[in-house]
Amino acid sequence: AHRAKVEEKPEVKKAGGVYYTPTYIVEYIIQGTVGKLVEGKTPRQLGTLRVLDPACGSGSFLLGAYQYLLDYHRQWYEDHDPAKHARGKRPALYQGPGGEWRLTTGEKKRILLNNIYGVDIDRQAVEVTKLSLLLKVLEGENQETLGQQLALWRERALPDLGDNIKCGNSLIGPDYFEGQLLPDEEEMRRVNPFDWEAEFPEIMEAGGFVAVISNPPYIRIQRMKEWAPVEVELYKEQYAAASKGNYDIYVVFVERALQLLNDRGRMGYILPHKFFQAKYGEPLRELIAKGKHLGEIVHFGDQQVFAGATTYTCLLFLDKGGNKQFGYVKAHDLDAWRANGEDVESEIRADRVTEKEWNFVVGPGAALFERLSEMPVKLGDVAHVFVGTQTSADAIFVLDECHSDAGFIVGTSKVTGEEVRVDPGIVKPFLRGKDIRRYEPLSTAASLICPYVIEEADCRLLSENELSTEYPLAYSYLKAHKPELAAREKGRFRGANWFAFGYPKSMTLFQYHKIVVPDYNNVPSFAYDDAGHFYKTGYGIVLLDGVQESPLYVLGLLNTALLFQYLVQVATTLRGGYVRFWTQFLERLPIRSINFDDPMDVARHDKMVALVERMLALHNKLAAATIPADKELYQRQIEATDEEIDARVYELYGLSEEEIDVVEQPDH
């Protein structure tokens, strides 16, 4: 009926679409790879320069590399007796209109066929790349100039790129179907194994490619499992980088690049910097660290390179042969970096890099960061840091706008939009991230239906009989939603535990006095909880038994600019300066422990506790104040107390005046 349906491929749909690499990024990566490799070399010496994009897509990186090589060759010939290179059987130059020197079509074809290689699993992408490269061969020519050259050499205008740009799966070899007499044809087409040794025999026999450049795909395996479950497991078996946790496919492309490079080769990728700190990134960090492969990192922080996508990226350059040190560039103002190369740059020794989280600090704060990192006591040494409980059905378990009525709790259910009356003994006060703010009193109108018996050191789910007998109203409400609760997580809750939480973690810890913090914010946001609140999007901190320091002392440390600036360096950052308060980052915060045998140190501790108590009291007064003059009065006292706490912490941590300036003016 003259209609066409356009449907994205599953891998494109699940990855959130295709995002094209900006030209300035392509150019920087090519300059940092191809540019370094061709420097000072003659065209003859460049005969063995093989440039590969193993996920070439529409060919932007290969086009950029090809253009760079064309410009380099033309300039070299022009600088070395151009007339000489315009003569002979295979001239490299000719003079176009106005006398300017140009590469002949034959020379452009030679460079293309000799130096540019690409692979992509998408056949259409391969054809687009070929076409783009062929058009580049013809660029700047007209019928007259092209006709003269073809008549001279009697050869076709455009080369066959079938041996250069190929279709296949860069990550999976032909052994995928080993042992299968009649492999499924549809699966063969989808997987499309690629044999590097058979497809590029001369290059692989010579040791591999000299440059690998790309913007590899970014796809978490949870999404890949929906359309490529077998490949996901195969990558885990065949690649060290994929061996831990829920990896992202880009880490596999990094390992593959190192495998495909020859001993003097260099890789240049744009990719997420999440693997610097993520647990799944540990095997790749170890692989890179052991080989001392780091050549250069350009870290964009929370700056956004791709239009229309929120992706936190960096440029990663690796050298197969290894380095004693590498360059680290902090380009946290993308516009300034693009316009004039403004950044903070430093050289870092390769032996300082391990499989542990990568936190590279450059600029005035680097020395202070190193000193704080070397402090022996971390928050994880003195406290349990625990994530909120995950019900996997908050719309049912959490009631909003709660109030007490005749001894019962009445709240609104999100799943029905109606008021629900439940028994008071089964609910817990429930915080959301927005309810947790720095030193502020915790207040919430939300309640969590919690069908658990929580004791001092143990926790168990109520039986259905206990639930129906002791809390009949709550049971009746939950029973009405049994189908939805039982169907959670592909039916994992079918059976007697249909009303259990999805992930009831650390249930015994919520009842204790604790420090709480939301999932993320752009300022220190630690508050004190003495009312046993539960929460989901946040984290709790309970001091370990035997720790002598007061939790209020620790609260004061955590809410200072000093520890927040440290957190910014080790944590995942988001747009707008927001920082993730994740367990793995909080546990690394350096804590100034107190020597309780030293009266002066005890006095410092007690003074800090007194200041934090004053701060909490002032915030309570501010929250209760209704008169503007009173609010202004309390706010001024809060600010003065805050300054005094910061000063005490600077003294505790032994900061110099210069270091204090770094903390208070981090962008200068």
If you go through the range 371-391 one residue at a time, how many are out of contact with any Pro (no Cβ under 8 Å at 6 or more places or on another chain), assigned to a loop (DSSP other than H, G, I, E, B) and surrounded by fewer than 17 Cβ atoms within 10 Å (Cβ to Cβ)?
2
Within the range 131-145, work out how many residues are part of a helix (DSSP H, G or I), open to solvent by 40 Å² or more (accessible area, probe 1.4 Å) and within 19 Å of LEU70 (Cβ to Cβ).
3
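Select, from ILE645, ILE638, ILE594, ILE660, the only residue that is touching a His at 6+ places or on another chain (Cβ under 6 Å) and either assigned to a helix (DSSP H, G or I) or within 22 Å of GLY546 (Cα to Cα) (or both).
ILE594
Residues of the range 313-334 being outside any loop (DSSP other than H, G, I, E, B) and farther than 23 Å from LYS274 by Cβ, which ones?
Matches in the range 313-334: GLN325 only.
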Test ALA500 against the stated conditions and say whether it is touching a strand residue (DSSP E or B) at 6+ places or on another chain (Cβ under 6 Å), farther than 30 Å from MET608 by Cβ, assigned to a loop (DSSP other than H, G, I, E, B) and open to solvent by less than 20 Å² (accessible area, probe 1.4 Å).
yes
Complete set of residues in the range 224-238 that are open to solvent by less than 10 Å² (accessible area, probe 1.4 Å) and either at pLDDT 95 or above or not in a helix (DSSP H, G or I) (or both)
ALA228
Filter result for HIS293 (under 19 Å from VAL568 (Cβ atoms) and out of contact with any Pro (no Cβ under 8 Å at 6 or more places or on another chain)):
no
May I ask you to list the residues in the range 535-550 that are crowded, with 23+ Cβ neighbours inside 10 Å and either over 14 Å from LEU586 (Cβ atoms) or without any contact (Cβ under 8 Å) to a residue 24 or more places away in the chain (or both)?
TYR535
Among the residues that make up the range 511-534, is at least one of them within 29 Å of LEU574 (Cα to Cα), open to solvent by 10 Å² or more (accessible area, probe 1.4 Å), out of contact with any Leu (no Cβ under 9 Å at 6 or more places or on another chain) and among the acidic types (Asp, Glu)?
yes
Subset of the range 351-365 [under 22 Å from the mean Cα position of the chain (by Cα) and either closer than 14 Å to GLU286 by Cβ or not in a loop (DSSP other than H, G, I, E, B) (or both)]
ARG352, VAL353, THR354, GLU355, LYS356, GLU357, TRP358
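For every residue, the table says whether it meets (1) open to solvent by 30 Å² or more (accessible area, probe 1.4 Å); (2) among the small types (Gly, Ala, Ser); (3) in a strand (DSSP E or B).
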{"site": "ILE396", "(1), (2), (3)": "no, no, no"}
{"site": "LEU399", "(1), (2), (3)": "no, no, yes"}
{"site": "SER404", "(1), (2), (3)": "yes, yes, yes"}
{"site": "GLY417", "(1), (2), (3)": "yes, yes, no"}
{"site": "ARG421", "(1), (2), (3)": "yes, no, yes"}
{"site": "LYS434", "(1), (2), (3)": "yes, no, no"}
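Answer yes if at least one residue in the range 583-592 is of a type in the set (Phe, Trp, Tyr) and open to solvent by 20 Å² or more (accessible area, probe 1.4 Å), and no otherwise.
no
Table: residues versus (1) loosely packed, with under 11 Cβ neighbours inside 10 Å; (2) over 30 Å from GLU342 (Cβ atoms); (3) under 32 Å from the mean Cα position of the chain (by Cα).
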site	(1), (2), (3)
ILE627	yes, yes, no
ASP630	no, yes, no
GLN637	no, yes, no
GLU657	yes, no, no
Within the range 546-590, track down each residue that is under 16 Å from LEU611 (Cα atoms) and polar (S, T, N, Q).
SER550, ASN559, THR560
Where ALA617 falls short, out of the listed (1) closer than 21 Å to ASP530 by Cβ; (2) of a type outside the set (S, T, N, Q); (3) in contact with a helix residue (DSSP H, G or I) (Cβ under 9 Å, 6 or more places away or on another chain):
(3)
Which members of the range 428-448 meet the condition of being within 15 Å of LYS536 (Cβ to Cβ) and in contact with a Cys (Cβ under 8 Å, 6 or more places away or on another chain)?
LYS428, ALA446, SER447
Restricting to the range 280-328, and then to whatever is modelled with pLDDT of 95 or more and among the acidic types (Asp, Glu), can you tell me which residue is surrounded by the fewest Cβ atoms within 10 Å (Cβ to Cβ)?
GLU286
Residue among VAL579, VAL568 that is modelled with pLDDT under 95, assigned to a strand (DSSP E or B) and within 23 Å of LYS434 (Cβ to Cβ)
VAL579
Lone qualifier among MET608, MET600 - being farther than 30 Å from ALA331 by Cβ, of a type outside the set (S, T, N, Q) and touching a Gly at 6+ places or on another chain (Cβ under 6 Å):
MET608
Being open to solvent by 10 Å² or more (accessible area, probe 1.4 Å) and assigned to a loop (DSSP other than H, G, I, E, B) is the filter here; which residues of the range 240-266 pass it?
SER243, LYS244, GLY245, ASN246
Of all residues in the range 267-301, how many are more than 23 Å from LYS324 (Cβ to Cβ) and part of a loop (DSSP other than H, G, I, E, B)?
2
Based on this model, can you work out whether TYR566 counts as free of Cβ contacts under 8 Å to residues at least 60 places away in the same chain, open to solvent by less than 20 Å² (accessible area, probe 1.4 Å), more than 24 Å from GLN390 (Cβ to Cβ) and of a type outside the set (Val, Ile, Thr)?
no
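Condition check ((1) touching a Phe, Trp or Tyr at 6+ places or on another chain (Cβ under 8 Å); (2) within 30 Å of SER476 (Cβ to Cβ)) across all residues:
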| residue | (1), (2) |
| --- | --- |
| LYS505 | yes, yes |
| ALA527 | yes, no |
| VAL554 | no, no |
| TYR566 | yes, no |
| GLY577 | no, no |
| LEU586 | yes, no |
| SER593 | no, no |
| ASP598 | no, no |
| ALA603 | no, no |
Name the one entry in LYS490, LYS479, LYS505 that is open to solvent by 20 Å² or more (accessible area, probe 1.4 Å), part of a helix (DSSP H, G or I) and closer than 25 Å to ILE454 by Cα.
LYS479
On the given criteria, is ALA331 open to solvent by less than 50 Å² (accessible area, probe 1.4 Å), free of Cβ contacts under 8 Å to residues at least 12 places away in the same chain and aliphatic (A, V, I, L, M)?
no
Could you list, in sequence order, all residues of the range 436-450 that are of a type in the set (A, V, I, L, M, F, W, C) and not in a loop (DSSP other than H, G, I, E, B)?
LEU448, ILE449
Only one of LEU334, LEU399 is farther than 22 Å from GLY556 by Cα and within 23 Å of the chain's Cα centre (by Cα), namely LEU334
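The values are calculated or read from the model by the stated rules, or taken from the named source; none is laboratory data. Please read these numbers as outputs of a predicted model, since none were measured by experiment. All Cβ positions, glycine included, derive from the backbone under ideal geometry; neighbour counts span all protein chains shown. Surface accessibility is based on the protein's heavy atoms, side chains included, excluding ligands, DNA and RNA. Shrake-Rupley method; radii C 1.70, N 1.55, O 1.52, S 1.80 Å.
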